[in-house]
Amino acid sequence: MPRAQRKLGNQTKMDSKEKDFIRNILIILEKDDNPDKIQSETFDAIKKSGLGVGKGFKLLYNIILNSNAGPRFGQYVAEVGKDSIIKKLKGVL
């Protein structure tokens, strides 16, 4: 299935690089509560993954919001709570 046609949400199909990135985001979320740190560390995780900023955030928002874009990730996590975000991310691994 071409990447542009992948299903969203809990049906997202990911390659190993994308799964590793999501695992790193889970580590970030489980250790930190500060929205600015979460945002900064998410950028770092995207860069380290080699996905590219646009693709990394798009993947996160596809899983979390069933959308290609969304609000600032760190702030969104603080507003909705980490538990629901963690549950959605774990659900696609």
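So that you can scan it fast, the table gives a plain yes or no per residue for (1) outside any helix (DSSP H, G or I); (2) in contact with a Ser or Thr (Cβ under 7 Å, 6 or more places away or on another chain):
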{"site": "Leu51", "(1), (2)": "yes, no"}
{"site": "Gly56", "(1), (2)": "no, yes"}
{"site": "Ile64", "(1), (2)": "no, no"}
{"site": "Ala69", "(1), (2)": "yes, no"}
{"site": "Glu79", "(1), (2)": "no, no"}
{"site": "Ser84", "(1), (2)": "no, no"}
{"site": "Leu89", "(1), (2)": "no, no"}
> Looking at the stretch 47-93, which of its residues are of a type in the set (S, T, N, Q), on the phi < 0 side of the Ramachandran plot and open to solvent by 30 Å² or more (accessible area, probe 1.4 Å)?
Replying inline: Ser67, Asn68, Gln75, Ser84
> Mind checking which pairs have a first residue in the stretch 69-93 that is under 16 Å from Ile28 (Cβ atoms) and a second that is among the small types (Gly, Ala, Ser) and in a loop (DSSP other than H, G, I, E, B), Cβ under 9 Å, 6 or more apart or different chains?
Replying inline: Tyr76/Gly70
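The values are calculated or read from the model by the stated rules, or taken from the named source; none is laboratory data. All of these numbers come straight from a predicted model, not from anything done at the bench. Glycine also receives a Cβ, built like all others from the backbone with ideal geometry; neighbour counts cover every protein chain displayed. Accessible surface areas use protein heavy atoms only, side chains included; no ligands, DNA or RNA. Shrake-Rupley method; radii C 1.70, N 1.55, O 1.52, S 1.80 Å.
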